[in-house]
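Here's the structure we're looking at; comments come further down.
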Ligand code: GRF
């Protein structure tokens, strides 16, 4: 029997990092998190990752510019031996050059049923449209925002008394179930 080593995953975050925590909880034979990187050194998720003993990298692009910032991130990813990247609440657009370097190896979780509601304020837009369901999607990252191949989706109901916040909480719980499941499938491809 041949055994396949776990895929080496870097997770990029900007804030709370609850999806990163869900990915960390599910790591094992399929994948291991080899780096948690953030563009915000004060990101709450980064502190959590450090407490867990996960390798971390933090650098703000402020003052150094995007090309230098991304070059440093790329260097940290390669030093960590990352094979693929999972964006988890990473609030910056990656440059075309960065996406090209990691073509087909970056995925993202987005809080809508793509192709609906790309970009921000997804929950308020779904409620305003009178949609009966909302949800989340995991997709391959390409140069175009939230437009790459969708690898998995999860639906939740929208209740009549929902606000953007109550809906966001319901969707977030679905995100935490969906993202590890899709990542495990993605690393096998
Ligand atoms: C999630 O809703 C995710 O879908 C979106 O940003 C949010 C990040 O939350 N891209 P967290 O940092 O994972 O808690």
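Every number here is computed from the coordinates shown, using simple stated rules; none is lab data. Note that this is a predicted model, so its numbers are computed, not measured. Quick reminder, even Gly has a Cβ in these numbers, built from the backbone with ideal geometry, and neighbours come from all protein chains shown.
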Given (1) touching a strand residue (DSSP E or B) at 6+ places or on another chain (Cβ under 8 Å); (2) assigned to a loop (DSSP other than H, G, I, E, B); (3) more than 15 Å from the ligand (Cβ to nearest atom), index of the condition residue 5 fails: (1)
Condition check for residue 42: under 19 Å from residue 140 (Cβ atoms) and surrounded by fewer than 17 Cβ atoms within 10 Å (Cβ to Cβ): no
Per-region count, segment 128-152, residues more than 12 Å from the ligand (Cβ to nearest atom) and surrounded by 14 or more Cβ atoms within 10 Å (Cβ to Cβ): 9
Unique residue being more than 15 Å from the chain's Cα centre (by Cα), within 27 Å of residue 59 (Cβ to Cβ) and surrounded by 14 or more Cβ atoms within 10 Å (Cβ to Cβ) when the list is 170, 92, 101, 125: 101
Residue list for segment 28-41, restricted to those being without any contact (Cβ under 8 Å) to a residue 40 or more places away in the chain, more than 14 Å from the ligand (Cβ to nearest atom) and either touching a strand residue (DSSP E or B) at 6+ places or on another chain (Cβ under 7 Å) or farther than 21 Å from residue 5 by Cα (or both): 32, 41
Residue check, residue 22 touching a residue at least 24 places away in the same chain (Cβ under 8 Å) and in a strand (DSSP E or B): no
Some residue of segment 153-162 being within 15 Å of the ligand (Cβ to nearest atom), surrounded by 14 or more Cβ atoms within 10 Å (Cβ to Cβ) and closer than 20 Å to residue 85 by Cα: yes
Answer from 76, 47 - the residue that is part of a helix (DSSP H, G or I), surrounded by fewer than 19 Cβ atoms within 10 Å (Cβ to Cβ) and within 16 Å of the ligand (Cβ to nearest atom): 47
Wholly within segment 83-189, helices (runs of 4 or more DSSP H) carrying at least 2 residues that are free of Cβ contacts under 8 Å to residues at least 40 places away in the same chain, in contact with a strand residue (DSSP E or B) (Cβ under 9 Å, 6 or more places away or on another chain) and within 24 Å of residue 25 (Cβ to Cβ): 164-186
